[in-house]
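Quick notes on the structure that follows.
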Amino acid sequence: MSKRAYRRMLLKLSGEALMGDDAYGINKATIDSIVDEISKVAATGVQLAIVIGGGNIFRGVALGASGMDRATADYMGMIATVMNALALQDAMRQKNLEARVQSALRIDQVVEPYIRPKAIRYLEEGKALIFAAGTGNPFFTTDTAAALRGAEIGAEIVLKATKVDGIYSADPFKVANATKFETLSFDEAISKNLRVMDATAFALCRDQRLPIRVISLMKPGALLRAAQGESEGTLVHV
């Protein structure tokens, strides 16, 4: 068993991460690659929970801005996260990783409802846990769901996996001389309006003294290095 720095972690995956180079949907090669990275972390014995977004299928904020009722759009987005969670669970099953899905919305014929004691029991049994449907409420992002679930299950860190290898002063894809931060305080991240996570998620993690490490999902081994406590990406802390 490889070394681990944390007993329990929460991984936040965006829905867009599942698209790969496709315009939308779920790219098979990409989700298999993600599961391979998760497998390396699971092999260390860490208890891993995952919150997944739905932007590859439906983005409520964008449709709300174009005229659709925002609450309705957000509920549709939550259902998209359930689809992604089921796809991730199945990809993990094919790699012999046991995972359970719990949803903040009741869809009992498809997934279990979120029940905190049961979630913690799954983690203690060594099963990966995938949280779907965000917080179950409109107007809250899946980043906030990650902060909330991380605090509820007693995670020691939230890992936010993105397409960039940390937090920068500006979008590194658009600004060539953007500065990468190795560490930031929550207050700095909020005051600088760094949008890698929303302010509600940052504030909740700050109040619960739950650190966030932002890493690149596209960088092989980054997830494992973060799980082993190495200086990967950007650490946001109190």
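The values are calculated or read from the model by the stated rules, or taken from the named source; none is laboratory data. Quantities reported herein were computed from a predicted structural model and do not represent experimental measurements. Methodologically, a virtual Cβ is constructed for each residue, glycine included, from the backbone with ideal geometry; neighbour enumeration extends over all protein chains shown.
Some points to look at:
- Entry remark, the stretch 197-230: residues being surrounded by fewer than 16 Cβ atoms within 10 Å (Cβ to Cβ), small (G, A, S) and in contact with a Ser or Thr (Cβ under 9 Å, 6 or more places away or on another chain) number 0 in total.
- Residue match in the stretch 97-113 (condition: without any contact (Cβ under 8 Å) to a residue 12 or more places away in the chain, of a type outside the set (A, V, I, L, M) and in a helix (DSSP H, G or I)): no
- Within the stretch 112-135, the set of residues being under 22 Å from G25 (Cα atoms) and out of contact with any helix residue (DSSP H, G or I) (no Cβ under 6 Å at 6 or more places or on another chain) is empty.
Rundown of residues vs (1) assigned to a strand (DSSP E or B); (2) of a type in the set (F, W, Y); (3) closer than 27 Å to I107 by Cα; (4) modelled with pLDDT of 95 or more, yes/no style:
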| residue | (1), (2), (3), (4) |
| --- | --- |
| F131 | yes, yes, yes, yes |
| F139 | no, yes, yes, no |
| A145 | no, no, yes, yes |
| P220 | no, no, no, no |
| V236 | yes, no, no, yes |
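- In the stretch 53-72, the residues that are within 26 Å of L129 (Cβ to Cβ) and either touching a Leu at 6+ places or on another chain (Cβ under 6 Å) or at pLDDT 70 or above (or both): G53, G54, G55, N56, I57, F58
- Selected residue (criterion: modelled with the lowest pLDDT) from residues of the stretch 5-26 that are buried (at least 16 other Cβ atoms within 10 Å of the Cβ) and assigned to a loop (DSSP other than H, G, I, E, B): G20
- Of note, A85 satisfies the criterion of being in a helix (DSSP H, G or I) and under 20 Å from L129 (Cα atoms).
- Sole exception among (1) over 19 Å from D108 (Cα atoms); (2) among the β-branched types (V, I, T); (3) assigned to a helix (DSSP H, G or I); (4) modelled with pLDDT of 90 or more for I50, by number: (3)
- Each residue in the stretch 114-133 was checked for being within 16 Å of the chain's Cα centre (by Cα) and touching a residue at least 60 places away in the same chain (Cβ under 8 Å), and 5 of them qualify.
- Pair list, Cβ under 7 Å, 6 or more apart: the stretch 194-223 residue over 20 Å from A42 (Cβ atoms), other residue of a type outside the set (A, V, I, L, M, F, W, C) and in a helix (DSSP H, G or I): M197/D143; D198/D143; D198/T144; T200/T144; A201/D143; A201/T144; L204/T144; L210/G150
- I130 surrounded by fewer than 18 Cβ atoms within 10 Å (Cβ to Cβ) and within 21 Å of T44 (Cα to Cα): no
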